Amino acid sequence: MTLIHKSAAELAALIASGEVSAVEVSRAHLDRIAEVDEQVGAFLHVAEDAALAQARAVDARRAAGEELGPLAGVPIAHKDVFATTDMPTTCGSKILEGWRPPYDATVTRRLREAGLVILGKTNMDEFAMGSSTENSAFGPSRNPWDLSRVPGGSSGGSSAAVAAFEAPLSTGTDTGGSIRQPAAVTGLVGMKPTYGGSSRYGVVAFASSLDTPGPFARNVLDAALLHAVFSGHDPRDSTSIDAPVPPVVEAARQASVEGLRVGVVNEFSGEGYQPGVLARFHEACALLEEFGAKVVEVSCPSFRYAMPAYYLIAPSECSSNLARFDAMRFGLRVGDDGTRSAEEVMALTRAAGFGPEVKRRIMIGTYALSSGYYDAYYGQAQKVRTLITRDFTAAFEQVDVLISPTTPTTAFPIGERADDPMAMYLADLCTIPANLAGNAAISVPCGLADEDGMPVGLQIMAPVLGDDRCYRVGAALEAAYRDRWGGSLLEKAPAF
Amino acid sequence: MSAITRDEVAHLARLSRLALTEDELDHFAAQLGVILESVARVSEVAADDIPPSSHALPLTNVFRPDERQPSLTPDQALAGAPAPEENRFRVPRILEEE
């Protein structure tokens, strides 16, 4: 097995024992990027020199006898929404093309301090708005399982990079499903931690009450190790939870569902769901029962209104957050020829710098927040948010975790939904409730759909700060599938 | 609730500081109409006595110690500025000429 096919935990162990150097590991991944990224398009920026320098520093620390962290020397692909002082941070937008932030995001800083090697920045839907990376101003990324299909989004460059073995780990942000959906459609593990469990400091804001950084990996333990490295309280984020990180690594190693009560969300089934997705989902339910879980049906009636509520709340917050792109202090400035006013320059810059989806959402948000419409739209959506939280609370009185398909369908062809916003929004149908209520939720691979041979994801939702339950159930399923499949799902992916 | 008119979209674009083209206005008027009709489904929920949630976390008044910390230098703060001048951000005129 070559270095690029090893797990993050294996690579860290090899580096710690001195069997391979961090430089060799990074070199292998940079070579892989050079070989395949022209086709995959996962990266917006590859930071070869910075990566090798960081790898050399890890090797030097080891040589000096320093105790290394659990992921020291392991390469990682970093979503372009996180501020990085030594690499551009564009958020997939022309308005930030070439921008270098003057400070690091807390997640970036913690990756560096843990000795992870940042290989570069990954593609994304502009400002994290989308489910396919087709909204990136720099072109779409492609699904390594089938290059004519999307890798999901918004963190689609991060999912494509890990599924194409360009990196063993990557970061993402999840506002309505932007980690779990791309993980599901590329056969990866993707985790949205409890809201406030990971810091938003230095994450370019989309919808501040929903945005949550989280990990991608090819297996559950790797995701847990990365989760533990960059999560935890951050005084620089006032919505950061001042509590210990849930025991996610221990849970990933525990991998047991014996006696666990698992609720199947009734509302996430039926019309609009691909038969192959439902078949894999029902198989996973049977597997959980076989391994000692008690699986029951649970109704969460307000979940039906999660999508409309989300597509009012998220655009409302985005219309406010993106007001900072005013052409005055940083980023693009268009039309400043000495005759135009600041306001005219602002409007010309934003029209030139934002893509269609960002413009749509800014206008929807502006509409929903305007007087006369506020109560009927934004106000009502906030009440629905309360009802969704109550549904979760009631459900978790009966069960320990809730499960559903992560997405209604497998990865769709590039172009199919690109100019049909409502069709695109459906990709987030099952993932949105956990964002509105702030719960922890993970997607783990559960096989391939019969119709198209594309990966299917299973979503496991846990209460606020119950992140460890997601990993415990995910790891138990992963172990069961390993026995059945004789390895990981990604080993079935076509080499290209 | 009915679909949004082209004039309303033009008004929203002005409020949003987006200098949209005529073609964009036509295109967005149709799309925003479909989106707004769909999200208006939230009104089906009987929620008169339900308190709104603006946030998932019930946090209020989060304070940190009032301690001096290093901050950005002027060069760092101006590094991304489209038109820095004499340690300041140069901006287009903001007042009408007399």
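Heavy-atom accessible area, probed at 1.4 angstrom with all protein chains present, ranks A:LYS121, A:LYS294, A:LYS94 as A:LYS294, A:LYS94, A:LYS121, highest first. Here the stretch B:6-45 has 52 percent of its accessible surface on carbon and sulfur atoms, given a 1.4 Å probe and all protein chains in place.
Taking the 1.4 Å solvent-accessible surface of chain A as the whole, the part contributed by carbon and sulfur is 50%.
For chain A, averaging the sequence separation of C-alpha pairs within contact (under 8 Å, six or more residues apart) and dividing by the residue count gives a relative contact order of 17 percent. Each of B:ALA30, B:HIS11, B:VAL45 was placed along the dipole of the stretch B:6-45 (beta-carbon charges, centred on the mean Cα), and the one lying farthest toward the positive end is B:VAL45.
Per-residue counts of other Cβ atoms within 10 Å, averaged by peptide: what ranking do you get for A:230-237, A:453-460, A:160-167, highest first? Display every interim value, and only then the final one.
Working: A:230-237: 20.0, A:453-460: 26.1, A:160-167: 31.4.
The packing order, highest mean first, is A:160-167, A:453-460, A:230-237.
Across A:LEU221, A:LEU11, the residue with the most accessible area heads the list, and the full order at a 1.4 Å probe is A:LEU221, A:LEU11. For the segment B:31-38, counting C-beta atoms of other chains within 10 Å of every residue's C-beta and taking the mean gives 6. When the alpha carbon gyration tensor of the stretch B:6-45 is reduced to an equivalent ellipsoid, the three semi-axes, largest first, read 23, 11, 6 Å. What's the angle, to the nearest 10 degrees (0 to 90), between helix B:22-39's Cα axis and the longest principal axis of chain B? Between the helix axis and the principal axis of chain B, the angle is about 70 degrees. Remark on the stretch A:197-282: Rg and Dmax equal 17.0, 46 Å (Cα only).
At an R0 of 30 angstrom, the distance between the Cβ atoms of A:ARG100 and A:ALA60 translates into a FRET efficiency of 0.70. Close amide H contacts of A:THR212 (hydrogens built in the peptide plane, cut-off under 5 Å, sequence separation of 5 or more or a different chain): A:ASP174, A:THR175.
Using only the heavy atoms of the protein chains and a 1.4 Å probe, how would A:ARG109, A:ARG149 rank by accessible area, largest first? Could the numbers behind the result be given before it?
Values: A:ARG109 80, A:ARG149 45 Å².
Greatest to least solvent exposure: A:ARG109, A:ARG149.
Using a 1.4 angstrom probe on protein heavy atoms only, the contact between B and A buries about 5000 square angstrom of accessible area, both sides summed. DSSP finds beta bridges in the protein assembly as shown, and of those with both partners inside it, around 65 percent are antiparallel.
Enter the accessible area per residue of the protein assembly as shown (Å², integer; probe 1.4 Å; all protein chains in place).
Details: 22540 Å² over 594 residues.
Accessible surface, normalised per residue, equals 38 Å².
If you put +1 on each Lys and Arg Cβ and -1 on each Asp and Glu Cβ, how big is the dipole of the protein assembly as shown around its Cα centre, in Debye rounded to 20? Could you put the intermediate results ahead of the total?
Numbers: 51 positive and 77 negative charges, 173 e Å.
Dipole size: approximately 840 debye.
I need the peptides B:76-83, A:168-175 ranked by packing, meaning the mean over residues of other C-beta atoms within 10 angstrom, with the highest value on top.
Ranking the peptides B:76-83, A:168-175 by packing returns A:168-175, B:76-83.
Percent of C-alpha pairs per 20 Å bin in the protein assembly as shown, short distances first: 21, 56, 21, 1, 0.
Here A:GLU10 and B:THR60 are evaluated by their C-beta separation; at R0 = 45 Å the FRET efficiency comes out at 0.50.
The distance between label points at B:ARG88 and A:GLU283 comes to 6.8 nm (points 7 Å beyond Cα on the Cα→Cβ vector).
Quick check: convex hull over the Cα atoms of the stretch A:1-76, volume per residue in Å³, rounded to an integer?
On the way: hull volume 6.4 nm³, N = 76.
Cα convex hull per residue, to the nearest whole number: 84 Å³.
Taking R0 as 45 Å, what FRET efficiency do you get between A:GLU258 and A:GLU113 from their Cβ-Cβ distance, rounded to the nearest 0.05? Once rounded, the FRET efficiency stands at 0.75.
For peptide A:340-349, compute the average count of partner chain beta-carbon atoms within 10 Å of each residue's beta-carbon.
Per-residue shielding by partner chains comes out at 5.
Between the residues A:SER159, A:ASN266, A:ALA223, the greatest Cα displacement towards the positive end of the dipole of the protein assembly as shown, with unit charges on the Cβ of Lys, Arg, Asp and Glu, is found for A:ALA223.
Assuming charge only on the beta carbon of Lys and Arg (+1) and of Asp and Glu (-1), the dipole of the stretch B:6-45 about its Cα centre is about 200 debye to the nearest 20. Residues of the stretch A:293-325 whose accessible area (probe 1.4 Å, heavy atoms of protein chains only) drops by at least 30 Å² once all protein chains are present, relative to their chain alone: A:TYR305, A:PRO308, A:LEU312. Considering the zone a paramagnetic label at A:TYR374 would reach in this model (a point 7 Å from Cα along the Cα-to-Cβ line), which residues of the stretch A:299-323 have amide N under 19 Å from it? Under 19 Å, as judged by backbone N against the label point of A:TYR374, lie A:312-323 of the stretch A:299-323.
Size of chain B: Rg and Dmax of its alpha carbons, in Å, are 22.6, 58. Averaged over residues, the count of other Cβ atoms within 10 Å places the peptides A:339-346, A:126-133 in the sequence A:126-133, A:339-346, highest first.
B:HIS27 exposes around 90 Å² of accessible area when a 1.4 Å probe is run over every protein chain in place. Within the stretch A:441-484, which residues have the backbone N less than 19 Å from the label spot 7 Å out from A:GLU290 along Cα→beta-carbon, could you tell me? Within reach of a label on A:GLU290: A:444-450, A:456-459, A:473-484.
Where only DSSP H runs of four or more residues are counted, the protein assembly as shown gives -12000 deg cm²/dmol as its mean residue ellipticity at 222 nm, each run worth -39500 (n - 2.57).
The values are calculated or read from the model by the stated rules, or taken from the named source; none is laboratory data. Keep in mind the model is a prediction, meaning the values are calculated, not measured. Using ideal geometry, Cβ is built from the backbone for each residue, glycine included, and neighbour counts are taken over all protein chains shown. Note: areas computed on protein heavy atoms with side chains; ligands, DNA, RNA excluded. Shrake-Rupley method; radii C 1.70, N 1.55, O 1.52, S 1.80 Å.
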